[in-house]
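Undergrad: Provided herewith is a single structure, encoded as structure tokens, for subsequent inquiry.
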Amino acid sequence: MTTVFPGSIDSYSAKTDDVDDVLASHVNDLQEAIVAIETALGSQDTFTPTIYGTTTNGIGTYTTQVGVYQQIMNIIFFSISLVWTAHTGTGYMRIGGLPAASVNNNAPSSLSIYVSGVPAPVITQNLMCTVIPGSDKIMISAITSEGTVDAILLDTAGEIGVTGFYFI
């Protein structure tokens, strides 16, 4: 049988040899072990991330709206790519729709961010992002030259990519 993992968990039919023989159970035990390992590792899946504003969520037109993730135990590894225009949201920019809420504590998340087509001051600042504890949302901030952290305002159009992991 050809494996389909990590796209999905492999499935096996029970093997019998029509004789009460230890060989048949050994094969079945091995297949059950493989399924257990694949289940623990998780399979790759998709989700639909969104950009929204903190004052008014708004809606936008997406030309790219992709989220891919894999859960391994209590850690979700993910990658997001968003390109939007004509967004009606206002306030600070957030990304919502992660595949699961993060743990509600200060567990670390490690995220990397790429932006393009957003206001010039944002491009020239050091950007950072973090998963908001207890939520399925990402907060995007800029570190100013004075060392303070400022939230980023939502623009009507832009491109953003985020990749990383967080604990659930």
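Undergrad: Answer yes or no as to whether Leu127 is in contact (Cβ under 8 Å) with a residue 40 or more places away in the chain and either hydrophobic (A, V, I, L, M, F, W, C) or in contact with a Ser or Thr (Cβ under 8 Å, 6 or more places away or on another chain) (or both). If you could, list the steps in order and put the result at the bottom.
TA: Details: in contact (Cβ under 8 Å) with a residue 40 or more places away in the chain: no; either hydrophobic (A, V, I, L, M, F, W, C) or in contact with a Ser or Thr (Cβ under 8 Å, 6 or more places away or on another chain) (or both): yes.
Against the criterion (in contact (Cβ under 8 Å) with a residue 40 or more places away in the chain and either hydrophobic (A, V, I, L, M, F, W, C) or in contact with a Ser or Thr (Cβ under 8 Å, 6 or more places away or on another chain) (or both)), Leu127 does not qualify.
Undergrad: Yes or no: Val162 more than 30 Å from Glu38 (Cβ to Cβ) and surrounded by 16 or more Cβ atoms within 10 Å (Cβ to Cβ)?
TA: Working: more than 30 Å from Glu38 (Cβ to Cβ): no; surrounded by 16 or more Cβ atoms within 10 Å (Cβ to Cβ): yes.
Spelling it out, it is not the case that Val162 is more than 30 Å from Glu38 (Cβ to Cβ) and surrounded by 16 or more Cβ atoms within 10 Å (Cβ to Cβ).
Conditions tested, residue by residue: (1) in contact with a Leu (Cβ under 7 Å, 6 or more places away or on another chain); (2) part of a strand (DSSP E or B); (3) in the same structural domain as Glu38 (by TED's automatic domain parsing); (4) not small (Gly, Ala, Ser).
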{"position": "Gly67", "(1), (2), (3), (4)": "no, yes, no, no"}
{"position": "Gln70", "(1), (2), (3), (4)": "no, yes, no, yes"}
{"position": "Ile76", "(1), (2), (3), (4)": "no, yes, no, yes"}
{"position": "Ile80", "(1), (2), (3), (4)": "no, yes, no, yes"}
{"position": "His87", "(1), (2), (3), (4)": "yes, no, no, yes"}
{"position": "Ser102", "(1), (2), (3), (4)": "no, no, no, no"}
{"position": "Asn106", "(1), (2), (3), (4)": "no, no, no, yes"}
{"position": "Leu111", "(1), (2), (3), (4)": "no, yes, no, yes"}
{"position": "Tyr114", "(1), (2), (3), (4)": "no, yes, no, yes"}
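Undergrad: While we're here: In region 116-136, which residue that is closer than 24 Å to Val83 by Cβ, within 17 Å of the chain's Cα centre (by Cα) and not acidic (Asp, Glu) is modelled with the lowest pLDDT? Step through it out loud before you land on a result.
TA: Here is the first cut: in region 116-136, the ones closer than 24 Å to Val83 by Cβ are 116-132, 135-136.
Restricting the remaining residues to those that are within 17 Å of the chain's Cα centre (by Cα) gives 128-132, 135-136.
Within this subset, residues satisfying the condition of being not acidic (Asp, Glu) are 128-132, 135.
On the way: Met128: 86, Cys129: 89, Thr130: 90, Val131: 93, Ile132: 92, Ser135: 94.
The selected residue is Met128.
Undergrad: Would a scan of region 140-154 turn up a residue that is in contact with a His (Cβ under 7 Å, 6 or more places away or on another chain) and not in a strand (DSSP E or B)? Outline the logic, then answer.
TA: Taking region 140-154 first, the residues in contact with a His (Cβ under 7 Å, 6 or more places away or on another chain) are 154.
Checking the rest, the ones that are also not in a strand (DSSP E or B) come to 154.
For region 140-154, residues in contact with a His (Cβ under 7 Å, 6 or more places away or on another chain) and not in a strand (DSSP E or B): present.
Undergrad: On the given criteria, is Gly53 surrounded by 14 or more Cβ atoms within 10 Å (Cβ to Cβ) and touching a residue at least 40 places away in the same chain (Cβ under 8 Å)?
TA: Values: surrounded by 14 or more Cβ atoms within 10 Å (Cβ to Cβ): yes; touching a residue at least 40 places away in the same chain (Cβ under 8 Å): yes.
In short, yes.
The values are calculated or read from the model by the stated rules, or taken from the named source; none is laboratory data. Remember, predicted model here, so these are calculated numbers, not experimental data. Cβ atoms come from the backbone with ideal geometry, glycine included; neighbour counts cover every protein chain shown.
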